[in-house]
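Following: one structure in C-alpha coordinates, then a few remarks.
The values are calculated or read from the model by the stated rules, or taken from the named source; none is laboratory data. Fair warning: this is a prediction, and the values are worked out from it, not measured in the lab. Neighbour counts run over all protein chains shown; Cβ positions are idealised from the backbone, glycine included. SASA here: full protein model, heavy atoms, side chains in, ligands and nucleic acids out. Shrake-Rupley method; radii C 1.70, N 1.55, O 1.52, S 1.80 Å.
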Amino acid sequence: PEVDVMTYTNWISSMAHVDVMKACKPGMMEYQLESLFQHHTYTHGGCRHMSYTCICACGPNAKILHYGHAGRPNSRLLEEDDIALLDMGAEYHCYASDITCSYPVKGTFTKDQLDIYESVLDAQLCVIRRLRPGVSWLDMHRESERAILRGLIKCGILNTNGRGDLTQVIEDMLAVDLGAVFMPHGLGHLIGLDTHDVGGYLPGTPQRSPRPGVKKLRTARIMEEGVAITVEPGCYFIDPLLDMALADDRQEKFLNRERLEDFRGFGGIRLEDNVVVTADGCINLTLCPRAAQEVLDVMSGGQWPPKEDVLPGMKRNWVTCRGGKIEKLNIKSV
(Lines give C-alpha, C1' and ligand atoms only; values in the text may rest on other atoms or scores of the structure.)
Protein backbone atom coordinates (compact mmCIF):
# COMPACT_ATOMS: atom_id res chain seq x y z
CA PRO A 1 0.00 0.00 0.00
CA GLU A 2 1.02 3.61 -0.54
CA VAL A 3 1.25 4.34 3.19
CA ASP A 4 3.84 1.55 3.54
CA VAL A 5 6.11 3.26 1.01
CA MET A 6 5.63 6.61 2.73
CA THR A 7 6.40 4.95 6.07
CA TYR A 8 9.70 3.84 4.55
CA THR A 9 10.58 7.24 3.07
CA ASN A 10 9.81 8.87 6.41
CA TRP A 11 11.88 6.30 8.31
CA ILE A 12 15.00 6.72 6.18
CA SER A 13 14.62 10.52 6.04
CA SER A 14 14.11 10.72 9.82
CA MET A 15 17.22 8.62 10.46
CA ALA A 16 19.16 10.86 8.04
CA HIS A 17 18.00 13.96 9.93
CA VAL A 18 19.26 12.34 13.14
CA ASP A 19 22.62 11.63 11.48
CA VAL A 20 22.92 15.28 10.44
CA MET A 21 21.81 16.45 13.89
CA LYS A 22 24.63 14.47 15.49
CA ALA A 23 27.23 15.88 13.05
CA CYS A 24 26.13 19.53 13.08
CA LYS A 25 28.55 21.98 14.70
CA PRO A 26 29.82 25.54 14.29
CA GLY A 27 32.31 25.98 11.45
CA MET A 28 30.53 23.66 9.02
CA MET A 29 28.90 24.90 5.82
CA GLU A 30 25.19 24.57 5.22
CA TYR A 31 25.84 22.48 2.11
CA GLN A 32 27.74 19.94 4.20
CA LEU A 33 24.54 19.25 6.14
CA GLU A 34 22.71 18.77 2.84
CA SER A 35 25.44 16.42 1.60
CA LEU A 36 25.32 14.30 4.76
CA PHE A 37 21.56 13.92 4.44
CA GLN A 38 21.75 12.87 0.80
CA HIS A 39 24.56 10.42 1.54
CA HIS A 40 22.61 8.73 4.33
CA THR A 41 19.36 8.35 2.39
CA TYR A 42 21.11 6.94 -0.70
CA THR A 43 23.70 4.75 1.06
CA HIS A 44 21.39 3.34 3.73
CA GLY A 45 18.03 3.68 2.03
CA GLY A 46 18.51 3.45 -1.73
CA CYS A 47 16.88 6.85 -2.24
CA ARG A 48 18.50 8.24 -5.37
CA HIS A 49 16.47 11.45 -5.39
CA MET A 50 15.27 14.09 -2.99
CA SER A 51 11.60 15.08 -2.91
CA TYR A 52 12.67 18.73 -3.39
CA THR A 53 15.76 20.91 -3.13
CA CYS A 54 17.13 20.66 0.40
CA ILE A 55 16.69 23.73 2.61
CA CYS A 56 19.61 24.08 5.05
CA ALA A 57 18.89 27.51 6.48
CA CYS A 58 21.04 28.52 9.43
CA GLY A 59 21.03 31.73 11.47
CA PRO A 60 19.24 34.59 9.73
CA ASN A 61 18.73 32.49 6.58
CA ALA A 62 15.99 30.55 8.38
CA LYS A 63 13.59 33.44 7.80
CA ILE A 64 13.76 32.70 4.03
CA LEU A 65 11.01 30.11 3.68
CA HIS A 66 12.35 28.38 0.56
CA TYR A 67 16.04 29.03 1.04
CA GLY A 68 18.52 26.69 -0.67
CA HIS A 69 17.68 27.50 -4.29
CA ALA A 70 20.30 28.32 -6.95
CA GLY A 71 20.50 31.95 -5.87
CA ARG A 72 21.07 31.03 -2.19
CA PRO A 73 22.60 27.52 -2.43
CA ASN A 74 23.03 26.53 1.23
CA SER A 75 26.36 28.36 1.28
CA ARG A 76 26.60 30.01 4.72
CA LEU A 77 29.12 29.14 7.41
CA LEU A 78 27.42 27.90 10.61
CA GLU A 79 28.07 30.16 13.60
CA GLU A 80 28.03 29.42 17.32
CA ASP A 81 24.65 30.96 18.17
CA ASP A 82 22.77 29.92 15.02
CA ILE A 83 19.58 27.93 14.88
CA ALA A 84 19.68 25.41 12.03
CA LEU A 85 16.38 24.99 10.17
CA LEU A 86 16.78 21.92 7.95
CA ASP A 87 13.90 21.04 5.60
CA MET A 88 14.89 17.86 3.74
CA GLY A 89 13.09 14.73 2.56
CA ALA A 90 14.03 11.78 0.37
CA GLU A 91 11.91 10.21 -2.36
CA TYR A 92 11.48 6.48 -2.86
CA HIS A 93 9.60 4.90 -5.78
CA CYS A 94 8.22 8.37 -6.52
CA TYR A 95 6.71 8.80 -3.03
CA ALA A 96 7.76 11.91 -1.15
CA SER A 97 8.69 12.78 2.39
CA ASP A 98 8.91 16.36 3.64
CA ILE A 99 10.48 16.82 7.08
CA THR A 100 11.84 19.86 8.92
CA CYS A 101 13.98 19.88 12.06
CA SER A 102 15.22 22.97 13.90
CA TYR A 103 17.92 22.98 16.57
CA PRO A 104 20.82 24.98 17.98
CA VAL A 105 24.07 24.53 16.06
CA LYS A 106 26.16 24.44 19.25
CA GLY A 107 24.02 21.74 20.87
CA THR A 108 22.40 23.86 23.59
CA PHE A 109 19.46 26.26 23.43
CA THR A 110 19.59 29.82 24.66
CA LYS A 111 16.50 30.81 26.66
CA ASP A 112 15.09 32.81 23.73
CA GLN A 113 15.72 29.95 21.31
CA LEU A 114 14.06 27.48 23.64
CA ASP A 115 11.03 29.74 24.14
CA ILE A 116 10.40 29.96 20.39
CA TYR A 117 11.11 26.25 19.89
CA GLU A 118 8.61 25.29 22.60
CA SER A 119 5.99 27.61 21.08
CA VAL A 120 6.29 25.91 17.69
CA LEU A 121 6.32 22.45 19.26
CA ASP A 122 3.16 23.32 21.22
CA ALA A 123 1.52 24.34 17.94
CA GLN A 124 2.47 21.04 16.30
CA LEU A 125 1.27 18.98 19.26
CA CYS A 126 -1.99 20.91 19.36
CA VAL A 127 -2.76 20.04 15.73
CA ILE A 128 -1.67 16.39 15.89
CA ARG A 129 -3.80 15.80 19.00
CA ARG A 130 -6.90 17.27 17.33
CA LEU A 131 -6.48 15.92 13.81
CA ARG A 132 -9.18 13.42 12.77
CA PRO A 133 -11.91 13.04 10.12
CA GLY A 134 -14.34 15.95 10.07
CA VAL A 135 -11.81 18.54 11.24
CA SER A 136 -11.31 21.67 9.13
CA TRP A 137 -7.72 22.25 8.02
CA LEU A 138 -8.37 25.99 8.22
CA ASP A 139 -9.35 25.54 11.87
CA MET A 140 -6.12 23.59 12.47
CA HIS A 141 -4.12 26.47 11.01
CA ARG A 142 -5.82 28.86 13.40
CA GLU A 143 -5.09 26.54 16.34
CA SER A 144 -1.40 26.59 15.45
CA GLU A 145 -1.44 30.40 15.29
CA ARG A 146 -3.04 30.54 18.73
CA ALA A 147 -0.31 28.35 20.21
CA ILE A 148 2.46 30.45 18.69
CA LEU A 149 0.89 33.74 19.78
CA ARG A 150 0.53 32.31 23.29
CA GLY A 151 4.24 31.53 23.30
CA LEU A 152 5.17 34.98 22.02
CA ILE A 153 3.16 36.55 24.85
CA LYS A 154 4.96 34.33 27.34
CA CYS A 155 8.42 35.45 26.18
CA GLY A 156 7.47 39.13 26.11
CA ILE A 157 7.40 39.81 22.37
CA LEU A 158 3.65 40.42 22.43
CA ASN A 159 1.66 42.48 24.96
CA THR A 160 -1.72 41.80 26.46
CA ASN A 161 -1.99 45.50 27.35
CA GLY A 162 -2.96 44.64 30.90
CA ARG A 163 -5.98 42.56 29.96
CA GLY A 164 -6.48 39.42 32.01
CA ASP A 165 -8.51 37.34 29.55
CA LEU A 166 -5.69 35.74 27.56
CA THR A 167 -8.04 33.73 25.37
CA GLN A 168 -9.85 36.88 24.20
CA VAL A 169 -6.58 38.78 23.69
CA ILE A 170 -5.35 36.03 21.36
CA GLU A 171 -8.64 36.12 19.44
CA ASP A 172 -8.22 39.88 19.06
CA MET A 173 -4.70 39.29 17.73
CA LEU A 174 -6.05 36.81 15.18
CA ALA A 175 -8.73 39.30 14.15
CA VAL A 176 -6.01 41.73 13.01
CA ASP A 177 -3.99 38.94 11.32
CA LEU A 178 -1.09 39.11 13.77
CA GLY A 179 -0.52 35.37 13.46
CA ALA A 180 0.44 35.85 9.81
CA VAL A 181 3.25 38.23 10.79
CA PHE A 182 5.08 35.40 12.54
CA MET A 183 3.82 32.44 10.46
CA PRO A 184 3.30 33.77 6.93
CA HIS A 185 2.82 30.32 5.37
CA GLY A 186 0.15 27.67 5.61
CA LEU A 187 0.15 24.96 8.27
CA GLY A 188 0.78 22.17 5.79
CA HIS A 189 -0.03 20.53 2.47
CA LEU A 190 -1.17 17.25 1.00
CA ILE A 191 1.73 14.87 0.28
CA GLY A 192 2.14 11.67 -1.71
CA LEU A 193 3.40 11.29 -5.26
CA ASP A 194 4.32 14.96 -5.14
CA THR A 195 5.71 16.93 -2.22
CA HIS A 196 2.97 19.52 -2.60
CA ASP A 197 0.37 17.04 -3.80
CA VAL A 198 -2.68 17.86 -5.89
CA GLY A 199 -6.28 18.11 -4.69
CA GLY A 200 -6.04 21.05 -2.32
CA TYR A 201 -8.94 23.03 -3.74
CA LEU A 202 -11.22 20.62 -5.57
CA PRO A 203 -14.72 21.61 -6.73
CA GLY A 204 -17.14 21.24 -3.88
CA THR A 205 -14.48 21.68 -1.18
CA PRO A 206 -13.79 24.84 0.87
CA GLN A 207 -12.08 27.48 -1.23
CA ARG A 208 -9.05 29.64 -0.48
CA SER A 209 -9.47 32.41 2.08
CA PRO A 210 -8.31 35.93 1.13
CA ARG A 211 -6.99 36.65 4.64
CA PRO A 212 -3.23 37.04 5.30
CA GLY A 213 -1.59 33.82 6.40
CA VAL A 214 -4.52 31.50 5.73
CA LYS A 215 -4.52 32.49 2.04
CA LYS A 216 -1.19 30.66 1.84
CA LEU A 217 -2.85 27.37 2.82
CA ARG A 218 -2.46 24.81 0.04
CA THR A 219 -5.76 23.26 1.11
CA ALA A 220 -8.72 24.18 3.31
CA ARG A 221 -10.37 20.78 3.07
CA ILE A 222 -12.29 18.96 5.75
CA MET A 223 -10.07 16.06 6.78
CA GLU A 224 -11.02 12.51 5.75
CA GLU A 225 -9.64 9.11 6.70
CA GLY A 226 -6.62 8.28 4.54
CA VAL A 227 -5.53 11.85 3.86
CA ALA A 228 -1.73 12.27 3.99
CA ILE A 229 -0.71 15.78 4.99
CA THR A 230 2.19 17.67 6.55
CA VAL A 231 1.94 19.48 9.89
CA GLU A 232 4.53 22.26 9.80
CA PRO A 233 3.97 25.26 12.07
CA GLY A 234 6.75 27.83 12.22
CA CYS A 235 7.69 31.12 13.83
CA TYR A 236 9.92 33.58 11.98
CA PHE A 237 11.27 37.07 12.46
CA ILE A 238 11.15 38.60 8.98
CA ASP A 239 12.18 42.26 9.03
CA PRO A 240 9.77 43.57 6.33
CA LEU A 241 6.80 41.87 8.01
CA LEU A 242 7.82 43.14 11.44
CA ASP A 243 8.26 46.67 10.10
CA MET A 244 4.84 46.61 8.44
CA ALA A 245 3.25 45.35 11.67
CA LEU A 246 4.91 48.14 13.66
CA ALA A 247 3.49 50.65 11.17
CA ASP A 248 -0.03 49.19 11.45
CA ASP A 249 -1.95 50.67 14.40
CA ARG A 250 -4.12 47.55 14.69
CA GLN A 251 -1.11 45.29 15.15
CA GLU A 252 1.45 47.64 16.69
CA LYS A 253 -0.48 47.92 19.97
CA PHE A 254 0.25 44.24 20.66
CA LEU A 255 4.00 44.45 19.93
CA ASN A 256 6.75 45.07 22.46
CA ARG A 257 9.14 47.10 20.31
CA GLU A 258 12.11 46.81 22.64
CA ARG A 259 11.78 43.05 23.10
CA LEU A 260 11.24 42.53 19.38
CA GLU A 261 14.66 43.99 18.67
CA ASP A 262 16.22 41.04 20.53
CA PHE A 263 14.94 38.77 17.74
CA ARG A 264 16.08 40.73 14.70
CA GLY A 265 18.41 38.34 12.88
CA PHE A 266 17.09 35.30 14.81
CA GLY A 267 15.78 33.68 11.62
CA GLY A 268 13.07 31.22 12.50
CA ILE A 269 12.04 27.77 13.67
CA ARG A 270 9.84 25.25 11.87
CA LEU A 271 8.92 21.66 12.77
CA GLU A 272 7.39 19.49 10.05
CA ASP A 273 6.02 15.95 10.26
CA ASN A 274 4.08 13.82 7.77
CA VAL A 275 0.85 12.35 9.13
CA VAL A 276 -1.96 10.14 7.84
CA VAL A 277 -5.51 10.71 9.07
CA THR A 278 -7.10 7.56 10.56
CA ALA A 279 -10.67 6.73 11.56
CA ASP A 280 -10.18 8.10 15.06
CA GLY A 281 -7.16 10.43 14.82
CA CYS A 282 -3.89 10.27 12.94
CA ILE A 283 -0.56 8.45 12.83
CA ASN A 284 2.71 10.32 12.51
CA LEU A 285 5.09 8.69 10.01
CA THR A 286 7.97 11.03 10.93
CA LEU A 287 10.32 9.76 13.63
CA CYS A 288 12.56 12.71 14.41
CA PRO A 289 13.50 13.98 17.88
CA ARG A 290 10.95 16.64 18.83
CA ALA A 291 10.99 17.28 22.57
CA ALA A 292 13.79 19.76 23.32
CA GLN A 293 15.55 17.23 25.55
CA GLU A 294 15.34 14.60 22.80
CA VAL A 295 17.10 17.02 20.44
CA LEU A 296 19.83 17.84 22.93
CA ASP A 297 20.36 14.17 23.82
CA VAL A 298 20.80 13.22 20.17
CA MET A 299 23.15 16.14 19.52
CA SER A 300 25.33 14.93 22.39
CA GLY A 301 25.48 11.42 20.93
CA GLY A 302 22.43 9.83 22.52
CA GLN A 303 20.56 6.78 21.21
CA TRP A 304 17.84 7.12 18.56
CA PRO A 305 15.23 5.74 18.35
CA PRO A 306 14.95 6.15 22.11
CA LYS A 307 14.16 3.54 24.72
CA GLU A 308 11.16 5.58 25.90
CA ASP A 309 8.78 7.96 24.14
CA VAL A 310 8.65 11.11 26.26
CA LEU A 311 6.25 12.83 23.85
CA PRO A 312 3.42 10.36 23.11
CA GLY A 313 1.24 13.25 21.94
CA MET A 314 3.28 13.29 18.71
CA LYS A 315 1.73 9.88 17.83
CA ARG A 316 4.96 8.71 16.22
CA ASN A 317 4.62 5.37 14.41
CA TRP A 318 7.81 3.77 15.73
CA VAL A 319 9.34 1.47 13.13
CA THR A 320 12.71 0.37 11.83
CA CYS A 321 13.86 -1.40 8.67
CA ARG A 322 15.73 -4.70 8.78
CA GLY A 323 16.57 -6.79 5.74
CA GLY A 324 14.38 -4.64 3.56
CA LYS A 325 11.33 -5.09 5.78
CA ILE A 326 9.61 -2.53 8.00
CA GLU A 327 9.27 -3.74 11.59
CA LYS A 328 7.33 -2.19 14.45
CA LEU A 329 9.31 -1.06 17.49
CA ASN A 330 7.98 -1.52 21.01
CA ILE A 331 8.85 1.82 22.57
CA LYS A 332 7.18 2.54 25.88
CA SER A 333 5.42 5.88 26.39
CA VAL A 334 6.20 7.80 29.57
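Here Gly204 meets each of (1) over 22 Å from Ser144 (Cα atoms); (2) touching a strand residue (DSSP E or B) at 6+ places or on another chain (Cβ under 9 Å) with one exception, condition (2).
The set of residues in segment 209-223 that are within 14 Å of Met140 (Cα to Cα), part of a loop (DSSP other than H, G, I, E, B) and among the charged types (D, E, K, R) comprises Arg218, Arg221. Figure legend. Inter-residue proximity from segment 98-124: first residues touching a residue at least 60 places away in the same chain (Cβ under 8 Å), second residues open to solvent by 40 Å² or more (accessible area, probe 1.4 Å) and among the aromatic types (Phe, Trp, Tyr), beta-carbon distance below 8 Å, spacing 6+ or different chains. Indicated pairs: Asp98/Tyr52.
The requirement of being under 13 Å from the mean Cα position of the chain (by Cα) and open to solvent by less than 10 Å² (accessible area, probe 1.4 Å) is fulfilled nowhere in segment 70-78; no residue meets it. Screening Ala62, Ala23 for residues that are in contact (Cβ under 8 Å) with a residue 24 or more places away in the chain and open to solvent by less than 50 Å² (accessible area, probe 1.4 Å) leaves exactly one candidate, Ala62. Take Ala96 and decide whether it is under 23 Å from Asp194 (Cα atoms), over 13 Å from the mean Cα position of the chain (by Cα) and not hydroxyl-bearing (Ser, Thr, Tyr). Yes; evaluated as a whole, the condition is true for this residue.
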